[in-house]
Amino acid sequence: MNRHRTPFLIGLLSVGLLVAGCGGGAAPSEAPAALSTAPTTAAQQPTGETSSSEAAEVARCTSSTVQASVGTTLGDNQKDTTIVWRNTSDAPCTMTGFGGVDLRGPDDPQFGPSYSLPRAGEEPTAVVVKPGGTAHTVITWLPGDSWTPTDVVVTAPDETTSTTLKWDQGPVSRQDGATRPGTYIHPVAPGSV
């Protein structure tokens, strides 16, 4: 019996040493991403990104510190149009939330000339916009065939002063009061996409 146990114990010992010698670590393809990229400090972070502690120390962006513009539009059946917020001041400022977006155009017989877009169900986070940096709001919308807005009226989060921009993206399907509309706005996010 002792003769049969010896090869078995030697085999177990060999496997144990092999695993210990390899460190029992993950295969190279499973290596954590943190090993391949250096950590960044707040000063090195890309424009618009910030830690929550930095956001708490920065003043809120106002209508006088950010300038709005219409950015890119992507998509076919459902489109995403970006509203870009550029910090024109000399100091960083914080944006949190959704702001407001109204599409305005000809008087629709059923809904009128203004379409106030509802908010997506996403949770907003604080975004610090550095001087000259950008943040953005995405408008997700369904193309239509009977109502074409002429303007998009945007209001930064926690502000009451609006900016009117030209809407040249084409007709929009009106869904005023719909419980699950295909047209809505997302919260402010870093950068300009």
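The values are calculated or read from the model by the stated rules, or taken from the named source; none is laboratory data. These numbers come from a predicted model, not from an experiment. Backbone-built Cβ (ideal geometry, glycine too); neighbour counts: all protein chains shown. Protein only, heavy atoms only, side chains kept; ligands, DNA and RNA dropped before computing areas. Shrake-Rupley method; radii C 1.70, N 1.55, O 1.52, S 1.80 Å.
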task: Could you list all residues from segment 136-193 that are open to solvent by 50 Å² or more (accessible area, probe 1.4 Å), among the small types (Gly, Ala, Ser) and modelled with pLDDT of 95 or more?
output: Ser162
task: Scan segment 168-185 for residues that are under 18 Å from Asn77 (Cα atoms) and part of a loop (DSSP other than H, G, I, E, B) and jot them down.
output: Asp168, Gln169, Gly170, Pro171, Ser173, Arg174, Gln175, Arg180, Pro181, Gly182, Thr183
- prompt: Restricting to segment 118-132, what's the tally of residues that are in a loop (DSSP other than H, G, I, E, B) and touching a Pro at 6+ places or on another chain (Cβ under 8 Å)?
  reply: 8
message: Criterion first (among the small types (Gly, Ala, Ser) and in a strand (DSSP E or B)) does Ser192 satisfy it?
response: no
- prompt: List pairs: first in segment 43-72 and at pLDDT below 95, second assigned to a helix (DSSP H, G or I), Cβ under 9 Å, 6+ apart or cross-chain?
  reply: Gln45/Glu54
- prompt: Does Thr72 qualify as being within 22 Å of Thr163 (Cβ to Cβ), open to solvent by 30 Å² or more (accessible area, probe 1.4 Å) and not in a loop (DSSP other than H, G, I, E, B)?
  reply: yes
task: Provide a single number: the residues in segment 76-101 that are open to solvent by 40 Å² or more (accessible area, probe 1.4 Å) and either part of a loop (DSSP other than H, G, I, E, B) or in contact with a Pro (Cβ under 6 Å, 6 or more places away or on another chain) (or both).
output: 8
message: Can you find a residue that is open to solvent by less than 10 Å² (accessible area, probe 1.4 Å), in contact with a Lys or Arg (Cβ under 6 Å, 6 or more places away or on another chain) and not in a loop (DSSP other than H, G, I, E, B) anywhere in segment 102-113?
response: no
